[in-house]
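Structure, as structure tokens:
The values are calculated or read from the model by the stated rules, or taken from the named source; none is laboratory data. None of these values were measured; they are calculated from a predicted model. When we count neighbours, we look across all protein chains shown, and the Cβ atoms used for this are built from the backbone with ideal geometry, even at glycine.
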Amino acid sequence: MAELVLKAEGIKKSFAARGPITEVLKGVDFSLEKGEFVAIVGESGSGKSTLLYILAGIDKPTEGSVTLLGKRLDEVKDEELAAMRRRNFSFVYQYDNLVPNLTVYENVTLPLVLDKKKESEFKKDVLEIAEYLGLADRLDSYPAQLSGGEQQRAAIARALVTSPDVIFLDEPTGSLDKERGRQVMELLKDINSTRGVTLVMVTHSEAHAAYASRIVRMEDGNIIAL
Ligand SMILES: Nc1ncnc2c1ncn2[C@@H]1O[C@H](COP(=O)(O)OP(=O)(O)OP(=O)(O)O)[C@@H](O)[C@H]1O
Ligand SMILES: [Mg+2]
């Protein structure tokens, strides 16, 4: 039987910021097998980012449970979750992916430095990943000096350097033109197939969702069958 890397059951999420409580997720069940590449699609406001944050332990559900890489996220301590985030899974955000006052190299190696890894141990690997992502000559630049596509690739590089089992990506091609978007999707597909990294990607684009091995659709806080 395929190995489950993530199982979410009965996920509900409500927000009550200055006003009536709104239920944004209404009881979502979702599982992910090792090696899958899943695209989550759906209209703006349907709850895609909220779900992705909860699956990755960045936000907590109001109800329900998430088991990621064998750990119940509501039972792990904050430090353990932070360590898992540095070592076992990573997240590429929809906006503001890079730290503006760090170079691309410093951004990409941040999770390793925070994890007290030695540069002599990771440098070769990082340069190889930068080469693979077409960023080798951009490592000394600052994020503002990069194109949108280069910034996205730098964020993906940072997500990759820790050799994670799972990468969560929220609209990784959202701010890219058609050609750059296609390049990033080719890259993700390759990361999934040749490196065996399990991917969960939120996207607006049906064309980009087609790169995934499975598509999940969200509608008004529920996952609907395709
Ligand atoms: N922190 C919050 N407080 C209150 N409401 C929130 C909060 N975060 C999200 N919401 C609401 O939850 C709903 C779902 O938001 P979410 O960001 O998950 O949508 P999405 O599917 O990712 O949309 P998009 O495609 O535009 O990124 C929206 O109506 C949003 O306004
Ligand atoms: Mg979103």
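Brief remarks on what is shown
- Yes/no for L68 being away from ligand 1 (no atom under 13 Å from the Cβ), in contact with a strand residue (DSSP E or B) (Cβ under 6 Å, 6 or more places away or on another chain) and either among the aromatic types (F, W, Y) or free of Cβ contacts under 8 Å to residues at least 60 places away in the same chain (or both): no
- Scanning the range 11-27 turns up no residue that is within 16 Å of ligand 2 (Cβ to nearest atom), over 14 Å from I215 (Cα atoms), small (G, A, S) and surrounded by fewer than 16 Cβ atoms within 10 Å (Cβ to Cβ).
- Which listed residue is among the small types (G, A, S) and either within 13 Å of the chain's Cα centre (by Cα) or surrounded by 21 or more Cβ atoms within 10 Å (Cβ to Cβ) (or both), from G196, G221: G221
- Breaking point among (1) over 20 Å from E36 (Cβ atoms); (2) at pLDDT 95 or above; (3) of a type outside the set (S, T, N, Q); (4) within 16 Å of ligand 2 (Cβ to nearest atom), for D220: (2)
- Taking the range 204-222 as the range and being in a helix (DSSP H, G or I) and of a type in the set (A, V, I, L, M, F, W, C) as the test, the residues that pass are A207, A209.
- Of the residues making up the range 31-68, those that are away from ligand 2 (no atom under 16 Å from the Cβ) and hydrophobic (A, V, I, L, M, F, W, C) are L32, F37, V66, L68.
Rundown of residues vs (1) loosely packed, with under 15 Cβ neighbours inside 10 Å; (2) within 18 Å of the chain's Cα centre (by Cα); (3) of a type in the set (G, A, S); (4) closer than 23 Å to T198 by Cβ, yes/no style:
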position	(1), (2), (3), (4)
S90	no, yes, yes, yes
P100	yes, no, no, no
V126	no, no, no, yes
Y132	no, no, no, yes
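- All conditions but one from (1) closer than 26 Å to H208 by Cβ; (2) surrounded by 13 or more Cβ atoms within 10 Å (Cβ to Cβ) apply to T67; the one that does not is (1).
- The range 146-192, subset of a type in the set (D, E, K, R), part of a loop (DSSP other than H, G, I, E, B) and under 16 Å from S90 (Cα atoms), residue farthest from ligand 2 (Cβ to nearest atom): D165
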